[in-house]
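> Please read through the structure below; I'll follow up with questions.
Any read-out appearing in this document is the output of simple, stated calculations on the displayed coordinates, not a laboratory observation. All values reported here derive from a predicted model rather than from experimental measurement.
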């Protein structure tokens with residue numbers, strides 16, 4: 001098997017594991033106690049994994065929720081979406097275990 005084929009297989013496996021982990025998170029909302037920091041990290045990694053870099057202008061700090069979400073996503077700027085998916089999986093699974 002050539003290198004490209006191996007990379008495609010790994011990419012598909014990562015995507016499947018990411019989707020399963022996202023489903024696990026969605027199925028456990030409200031059932032697991034998580035801190036605000038954990039929630040913002042999960043949100044930021046999810047956005048980076050699914051949308052890539054945050055290129056939106058920062059909302060006004062007085063818009064607390066919008067600013068917190070923007071900051072959580074922006075903190076992962078520059079991280080490749082595939083790496084964000086891996087970090088999301090590695091971060092979430094111990095929380096839900």
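> Cα axis of helix 3-27 to longest principal axis of the chain: angle in degrees, 0 to 90, nearest 10?
Tilt of helix 3-27: around 40 degrees.
> Considering only 43, 76, 67, give the residue with the highest GNM mean-square fluctuation for the chain, with springs between Cα atoms whenever their separation is below 10 Å.
Ranking 43, 76, 67 by mean-square fluctuation puts 67 first.
> Over all directions, the average projected area of the alpha-carbon convex hull for the stretch 1-43 comes to how many nm²? Intermediate results must be reported in sequence, preceding the final value.
Numbers: hull surface 15.2 nm².
That works out to 3.8 nm².
> Take the alpha carbon atoms of the stretch 1-16, find their center, do the same for the stretch 42-97, and report the distance between the two centers in whole angstrom.
For the stretch 1-16 versus the stretch 42-97, the Cα centre distance is 25 Å.
> May I have the extent of the alpha carbons of the chain along their three principal axes, as whole Å values ordered from largest to smallest?
Here the Cα extents, ordered largest to smallest, are 54, 33, 15 Å.
> Hey, in the GNM for the chain with a 10 angstrom Cα cutoff, which one of 57, 83, 13 fluctuates hardest?
Ranking 57, 83, 13 by mean-square fluctuation puts 57 first.
> Under a GNM of the chain (C-alpha, springs under 10 Å), which listed residue has the highest mean-square fluctuation: 61, 84, 23?
It is 61.
> If you don't mind, there's one more thing I want to ask. I'd like the orientation of helix 36-51 relative to the chain: the angle between its Cα long axis and the longest Cα principal axis, in ° from 0 to 90, rounded to 10.
It is inclined by approximately 50 degrees.
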